[in-house]
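Written below as structure tokens is the structure these notes are about.
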Amino acid sequence: MLQIREQHQIKILALTGQFNRDSTTGIQVLILGIKEMSCHHIILDFSGVTEIDSTSLSELFLWYYNMQPCPVQISVVKPQPYIQYHSDWSHLSEIVPIYRSEEEAVEHVLASS
């Protein structure tokens, strides 16, 4: 399940349930659509993710990294502690910023604009 909301022209994608190949493909399509709407930042809220397929996580961010230069920036917020134990998660912060809260991410995005 996926909920989308907007705050200060920042799209927030709240992910719930399992994060796997199916959700990764859907998120890639959404990112491309949001890019076409001239949005400059997307926050992926992982607080509702109950299970994660680390291979799909790697594929998503490898896809995003290879899509550069792209005017859309991505941040991740509120990952569950058990999700952060995946080996692929440790490399994620090299590609995208990870924040403890949505507010922290929004503040950082607005400050850097």
Next item on the list: Could you list, in sequence order, all residues of segment 58-82 that are at pLDDT below 80, closer than 16 Å to Leu13 by Cβ and outside any loop (DSSP other than H, G, I, E, B)?
Entry: Leu60, Phe61, Trp63, Tyr64
Margin query: Here's a check for you: in segment 31-58, which residue that is among the hydroxyl-bearing types (Ser, Thr, Tyr) and touching a Lys or Arg at 6+ places or on another chain (Cβ under 6 Å) is farthest from Asn20 (Cα to Cα)?
Written below: Ser47
Item checked: Filter result (part of a strand (DSSP E or B) and either surrounded by 19 or more Cβ atoms within 10 Å (Cβ to Cβ) or modelled with pLDDT under 75 (or both)) within segment 34-56 -> His41, Ile42, Ile43, Leu44, Asp45, Phe46, Val49, Ile52
Check: If you check every pair at least six apart or on different chains, which have Cβ atoms under 9 Å apart with a residue in segment 90-113 that is at pLDDT below 90 and of a type in the set (S, T, N, Q) first and a residue that is outside any helix (DSSP H, G or I) and buried (at least 17 other Cβ atoms within 10 Å of the Cβ) second?
Finding: Ser93/Val76; Ser113/His41
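The values are calculated or read from the model by the stated rules, or taken from the named source; none is laboratory data. None of the values given here were measured: they were computed from a predicted structure. Don't worry about glycine lacking a Cβ; one is built from the backbone with ideal geometry, like all the others, and counts go over all protein chains shown.
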